[in-house]
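Structure first, then comments.
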Amino acid sequence: MDAFENDARQLRTETLVRAAQRGDREAFGQLFAQFERSIFAVALRRLGDYSEAEELCQDVFVQALTKISQLREPRSFGGWLRAITHRLAINRLVRRTPATPLEPEDLESRCVEHRTPLDSALHGEEKSRVRAGLARLRALDRDTLVAFYVHGQTLLEMSDEFEAPLGTIKRRLHVARKRLAREVEPMAV
């Protein structure tokens, strides 16, 4: 950017700041559009977190809007915004709750599902028992359970599909669950 463009931009910024100080919200909107990216960049550099930087950027412009009448030198609007950004970032960092370190056991118990080969085998066996139990049920019971549990249909969707009242679908589902439990129970170890 050459000196002429820089002077023109500076003059435009001053004009917008003076208009915003007189209460012109559109002028402030133009200032926001002009400085948002640079203020966000400063906030992101200070905080190191994208979503926090977005929030901070909004806070900076809210504060600037409420205090723009206090700005004595409209030429220094950009520097004034950066100073607000640094101050609010420091405040946010000071108030930020420190990350609580977790013991490896705590972390594993919260984040990782541990499956031993025995667990996998038992889970597979359980699935086989349920499938075998489903196969022994009458078609209506099997279709009801499959629609609800496998296909994830709602009771209303099932009512439409089976062309039956909602109460009937609820009863069929209840009865089918009991029948499946009876089929699977004798196979349990």
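Brief remarks follow.
- Cβ pairs under 7 Å, 6+ apart, first in the range 75-91 and assigned by TED's automatic domain parsing to the domain that holds Ile39 and within 14 Å of Leu16 (Cα to Cα), second in a helix (DSSP H, G or I) and of a type in the set (Gly, Ala, Ser): none
- Exactly one residue out of Ala19, Ala33 is part of a helix (DSSP H, G or I), surrounded by 13 or more Cβ atoms within 10 Å (Cβ to Cβ) and free of Cβ contacts under 8 Å to residues at least 12 places away in the same chain: that is Ala19.
Here's the yes/no breakdown for (1) at pLDDT below 85; (2) surrounded by 10 or more Cβ atoms within 10 Å (Cβ to Cβ):
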| site | (1), (2) |
| --- | --- |
| Glu113 | yes, no |
| His123 | yes, yes |
| Ala132 | no, yes |
| Leu137 | no, yes |
| Leu140 | no, yes |
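- Condition check for His174 on (1) more than 28 Å from Leu122 (Cα to Cα); (2) loosely packed, with under 13 Cβ neighbours inside 10 Å: one failure, at (1).
- Among the candidates Glu73, Glu54, the residue that is among the acidic types (Asp, Glu) and either under 22 Å from Thr15 (Cβ atoms) or touching a Lys or Arg at 6+ places or on another chain (Cβ under 7 Å) (or both) is uniquely Glu73.
- Positions within the range 47-73 being on the phi > 0 side of the Ramachandran plot and in a helix (DSSP H, G or I), in sequence order: none
The values are calculated or read from the model by the stated rules, or taken from the named source; none is laboratory data. Predicted model, so just to flag it, every value in this text is computed and none were measured. We place every Cβ from the backbone using ideal geometry, glycine too, and count neighbours over all the protein chains shown.
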